[in-house]
Amino acid sequence: MPTGVVWLVGRVSAIDEEEGGSKSITITPDGAANGRGDFREGGEVLVNGVPLRVQVVTSEGFKAVVDADLRERTNLGELRVGGEVNVGRACEGKAAQGNIDFTAPLVSVSSDPTRLTFSLAPSSPPLPTHLTLDGHLLPITLSPSTFSISLPPSPPSALHSKRPGDLINVSLPSSSLSPPSASSSPQPNPDPTLDPESYQLTLLLLTGERRDWSFPATYTPTTSGGSPVAGESARALTVGRVKEVVAGEWPAEWNELSPPPEARSLRLLHMGQLLQDGTALSATRIKPGERTIVHLSVKNWVGAEEDDLKAAREGTHGVGAGGGCCGCVIA
């Protein structure tokens, strides 16, 4: 069975802030993994299928920088200290070179832990019989809204540690990619009942539950009492604002799936892209006046302890802190 170019599993031992929104990650191979001597400064290595340039090599592993664009487009933006990653050699070929076409959330792990099922966004391209997932080339079983894989017993893979809600990097074989033509790309039909100036979002949980929300294209910041903040003018609607509204209007029927979350623990995924809080909706592929499906999940706030440590180092612990970790995952 083809398994791509992954040759060992590594563990993230440190994450440090860099300039321009980048982060450096330090990765240590697990146990007595082979290949430690293959790292070289200035060389290229694949982490979860994404090519990175090795900056520093140590006796325990290597350090590489993940720029802001890669953090937004791939699951490298989700890495946490202690998390596992697939590490591979960079070589010829699209799949090996780590061109990530989209990310897909893990929906479920069957009673057989080697069977994983992933959700497909409505806009996902037609899929071939094999996909490269976090660096592993694997055959898939396709259904209308999901695809599933069976993990082979070897080589080791960080996919075994994934949980529902986690994102997976997906690469298509180069032969399956072709520029879409006007005739092959259906255009959405405007709905005359929708406000052309508002964003109409259908938020879809991994369980299949969904709810419609309507958001004006701009909003005015308010105080905790609901009064407009003095001197503030209208702002463009951002992803962070959408999360605030959703957290504040959490449907009662969803409480059995997850308690009302904090806005910071929500993740919004559209067309394979994880939407960042500071991004205006006008800068995404979401268009006003059209009903758009966006995947919604509640992140297990595994980074809370890391954030607390960072805040303590900076002397800001407890300043403006929220209610702590929500500790939940929609599955």
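If you go through the range 73-97 and pick out every residue that is modelled with pLDDT of 85 or more and open to solvent by 40 Å² or more (accessible area, probe 1.4 Å), you end up with 5. K310 falls short on exactly one of the conditions (1) at pLDDT 80 or above; (2) loosely packed, with under 15 Cβ neighbours inside 10 Å; (3) not in a loop (DSSP other than H, G, I, E, B), and that condition is (1).
Take the conditions part of a loop (DSSP other than H, G, I, E, B), in contact (Cβ under 8 Å) with a residue 12 or more places away in the chain, surrounded by fewer than 19 Cβ atoms within 10 Å (Cβ to Cβ) and of a type in the set (D, E, K, R) and apply them to R264. Does it pass? No: the conditions fail for R264.
Filtering the range 242-271 to residues that are at pLDDT below 80 and within 17 Å of Y199 (Cβ to Cβ) leaves H270, M271.
Summed over the range 268-292, residues that are surrounded by 15 or more Cβ atoms within 10 Å (Cβ to Cβ), more than 20 Å from Q200 (Cβ to Cβ) and not aliphatic (A, V, I, L, M) total 3.
The values are calculated or read from the model by the stated rules, or taken from the named source; none is laboratory data. The model shown is predicted, which means the values in this text are computed figures rather than measured ones. Note that we place each Cβ from the backbone using ideal geometry, even for glycine, and neighbour counts take in every protein chain shown. Calculation scope for accessible area: heavy atoms of the full protein, side chains included, ligands and nucleic acids excluded. Shrake-Rupley method; radii C 1.70, N 1.55, O 1.52, S 1.80 Å.
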